[in-house]
Each structure stands twice: as C-alpha cells, then as structure tokens.
Amino acid sequence: MTLPRTPALTLTGKRALVTGASSGIGRGCAVALAEAGAHVVCAARGVARLDDTVTAMRDAGWSADAVAMDVADLDNLSDRLAQQGPFDIVVNSAGLARHSAAIDTTVADYDAVMGVNLRAAYFLSTLTARAMIRSGTGGSIIHISSQMGHVGGPERAVYCASKHGLEGMIKAMAIEWGPDRIRINTICPTFIRTPLGEQTLADPEKRKWIESKIKLGRVGEVEDIMGAVVFLASDAAALITGTSLLIDGGWTAG
C-alpha cells in the first residue's frame, strides 16, 4: 500500500516579496516566510524601520533584502518590481485606515484609503502576475485583507468598501490566472495587536465591543497570522485560490 504524503510547508528555494514589511503583520509575514526557507524581499516606505527588520532577520540566519517601495505610487511600484524580477510568492500587507462616520468621510480620506487598499493592491497583483506568467513558474499572491471585507462596522464605511472590493478582485483574478498556475487569496484577520491596532484597542469602550464580537474572547496577535501565510504560500495550499482565510476568532460566524 502506498500512503499519501503531506505536501511540504517548506519554502526553500522560493523568492518572496512582502509589502508593508517594516512593522506589524507585514513584518510577521516576512519572518514567517524566511523561517520557512524563502528569500524574502522586504518592502515598505519607512526605510529606517525596514532596514532594522532586515538586519534582525539576517542576524537570525535568514535570507532577506530591503527595498524602499511606495505601493500607492504606481510608477515607483512598477520600477521597483521591474528591478527585482519575478517572485514565487507575493504578500501584500500594505494597508491604510481612516475611520470616521460615513457622512463625515472626506474625498481626501476616501481617495487615500482606496488608493492603498484597492488600487495599489490591484496593480501590485497584475504587475507581479505578469512576471509570473512570463517566467512560466506560477506562484502564490496573498493579500492581507480583513474580516471587514465580509461584514460591516461602525465608522468603517470606506475601509469596508476597500476590503469588500479586494475580496471581489481576487475572485476574478483567480479565474483568469488559474491556467497559469497562479493562486491568489486573502487572509482576513480580526483586530490584531499591532502599532496601528493599538490606536483602537486603547479605547476601553471600543476594546469591550471588539472582545464581545470575538468568540474566542481575545484580540489577535501577529503570530496568529504567520502560520496562515506560510500555508497559503506553500504546496500544502496548491488547490486553494480565489478565496479567503478568515482569522477572526469567530467574529463573522454570527
């Protein structure tokens, strides 16, 4: 009898790009991929923190480089990606939130959030997918979305719109790029304890509301995301595309 074997979760020999890698979830994703064996190109606007992250990763014995990249500047994004060549794995963790009541949303805030969360995500996907198609190797594209791409929330109309749009985008791209063996998915976290998340969690009333919605009774940690990104990047997820991995502690269960 020949028994089935579990597909490998290792990423040895793979090249990965992680945007928003200088802190928070992005940094966690970069560390997770590097620890699994990938060479990780860490990208962000904040060069000082980015260099600190890459130095710490190299000191840990992992393979990593840093590249300054503003995903919202499409000319800058295109130039940087052209210099790097094709990637096997792309993780987009760059994101922006400007919360307010819907009737108070300014055009500037709307454009800023959509510019990073949807417009930049769209063209990062197409640019990296085009390189994957040319190389003929396929690949895995992973966007850090949000549970708010599946539900609504107070003072989050623009953010929810951007993330719901992202969820629809990856479904259409999965249909187009499946024949080229390119998988594209999202990871949808609940509130995660990061420098950005702490701005909300520091408010006692908002913290109480958040914890009441999370069935497991706690906010998320960056480590809660790290295994998921390795899984979606690896051969263990070879038949997964056009879908979302919700890491929300049960928030969207009802």
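Quick notes on this structure:
- Qualifying residue in the range 6-24 (condition: in contact with a Leu (Cβ under 6 Å, 6 or more places away or on another chain), within 18 Å of Leu77 (Cβ to Cβ) and polar (S, T, N, Q)): yes
- Top-ranked residue in the range 173-191 [being in contact with a Ser or Thr (Cβ under 7 Å, 6 or more places away or on another chain) and either closer than 19 Å to Cys160 by Cβ or among the aromatic types (Phe, Trp, Tyr) (or both); ranked as surrounded by the fewest Cβ atoms within 10 Å (Cβ to Cβ)]: Ile187
- Residue tally, condition touching a Gly at 6+ places or on another chain (Cβ under 9 Å) and farther than 27 Å from Arg27 by Cβ, over the range 178-204: 3
- Lys171 vs. criteria over 21 Å from Ala21 (Cβ atoms), in contact (Cβ under 8 Å) with a residue 40 or more places away in the chain and not hydrophobic (A, V, I, L, M, F, W, C): yes
- Whether a residue is touching a helix residue (DSSP H, G or I) at 6+ places or on another chain (Cβ under 6 Å), over 30 Å from Thr106 (Cα atoms) and part of a helix (DSSP H, G or I) was assessed, and Ile225 passes this test.
- Search result, residues across the range 40-60 that are surrounded by 15 or more Cβ atoms within 10 Å (Cβ to Cβ), farther than 26 Å from Phe191 by Cβ and either modelled with pLDDT under 95 or within 17 Å of the chain's Cα centre (by Cα) (or both): Val41
- Per-region count, the range 1-23, residues under 11 Å from the mean Cα position of the chain (by Cα) and either outside any loop (DSSP other than H, G, I, E, B) or under 21 Å from Asp59 (Cβ atoms) (or both): 4
- Filtering the range 232-246 to residues that are crowded, with 18+ Cβ neighbours inside 10 Å and either under 13 Å from the mean Cα position of the chain (by Cα) or part of a helix (DSSP H, G or I) (or both) leaves Leu232, Ala233, Ala237, Ser244, Leu245, Leu246.
- Checking each residue in the range 156-198 for being outside any loop (DSSP other than H, G, I, E, B) and among the aromatic types (Phe, Trp, Tyr) picks out Tyr159, Trp177.
- If you filter the range 1-27 down to residues that are surrounded by fewer than 20 Cβ atoms within 10 Å (Cβ to Cβ) and small (Gly, Ala, Ser), you find that the one that is modelled with the lowest pLDDT is Ala8.
- Assessment of the range 154-175 against the conditions (at pLDDT 95 or above, among the β-branched types (Val, Ile, Thr) and out of contact with any helix residue (DSSP H, G or I) (no Cβ under 9 Å at 6 or more places or on another chain)) yields at least one matching residue.
- Qualifying residue in the range 44-51 (condition: under 28 Å from Thr241 (Cβ atoms) and charged (D, E, K, R)): no
- Any hit, the range 61-72, residues being modelled with pLDDT of 95 or more, within 17 Å of the chain's Cα centre (by Cα) and hydroxyl-bearing (Ser, Thr, Tyr): no
- Ser212 being part of a helix (DSSP H, G or I) and touching a residue at least 40 places away in the same chain (Cβ under 8 Å): no
- Test: residue in the range 85-106 that is surrounded by fewer than 18 Cβ atoms within 10 Å (Cβ to Cβ) and within 15 Å of Thr128 (Cβ to Cβ): yes
The values are calculated or read from the model by the stated rules, or taken from the named source; none is laboratory data. It should be emphasised that the depicted structure is a prediction, and the values quoted were computed from it without experimental measurement. Every residue, glycine as well, gets a Cβ built from its backbone with ideal geometry; the counts of neighbours run over all protein chains shown.
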